[in-house]
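First comes the structure, then the notes that go with it.
The values are calculated or read from the model by the stated rules, or taken from the named source; none is laboratory data. Because the structure is a prediction, the values reported are computed rather than measured. Every residue, glycine among them, receives a Cβ derived from its backbone with ideal geometry; neighbour counts consider all protein chains shown. We work out accessible area using only protein heavy atoms, side chains counted, and drop any ligands, DNA or RNA first. Shrake-Rupley method; radii C 1.70, N 1.55, O 1.52, S 1.80 Å.
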Amino acid sequence: MKIAGEAVGIDFTGKTDRSPNTLVAHALLEYALENHGPEKQNEVQEALFKGYFTNGVYPDVSNATAIAVSCGLDGEEVGRALVDVGRLRKVREALRRNYDAVDGGVPTFVVNGRRVF
């Protein structure tokens, strides 16, 4: 996977030893889109991706908030958004619909024939 990633500019370091529950990351991306538009959402997505796959930063509420702040978002607002029950329910339902539609999560990585993320 490291070689494949390098071909497209992604440094898969393997520093994170567990697969994330992506609910918080997706809630952050929804928040960024709703409040700051698609360009900021993309910036946050890239930072989340690099944080997890390159820097080994697990995307929990605290780390996701720190990543959002590094992208110029307000930490207090983001922190509230990431624990908002209504937002999390909405995101969880959207994730379930999308997962069912593509028979897996996005992105999905398969290594040696086994889905790893």
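One table, with the values for the structure above:
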| quantity | calculated |
| --- | --- |
| Neighbourhood net charge (10 Å Cβ-Cβ; Lys/Arg +1, Asp/Glu -1) for Glu30 | +1 |
| For the chain: relative contact order, % (alpha-carbon pairs under 8 angstrom, 6 or more apart) | 25 percent |
| Rounded D (µm²/s) - region 1-53, Kirkwood Rh over Cα pairs, Stokes-Einstein at 37 °C, 0.692 mPa s | 270 µm²/s |
| Apportionment of accessible area to carbon and sulfur, the chain, percent (1.4 Å) | 52 percent |
| Tally of Lys pairs whose C-alpha atoms are under 23 Å apart, taken over the chain, 8 or more apart or cross-chain | 5 |
| Gap separating the Cα centres of region 70-85 and region 1-55, nearest whole Å | 16 Å |
| Within a Gaussian network of the chain (alpha carbon springs, distance under 10 Å), most fluctuating of Asn63, Asn35, Asn55 | Asn35 |
| Computed label-point distance, nm, for sites Met1 and Asn112 using a 7 Å Cα→Cβ extension | 1.2 nm |
| Angle in degrees between helix 61-70 and the longest Cα principal axis of the chain, rounded to the nearest 10 | 80 degrees |
| Ranked packing of 3-9, 25-31, most packed first, by mean Cβ within 10 Å | 25-31, 3-9 |
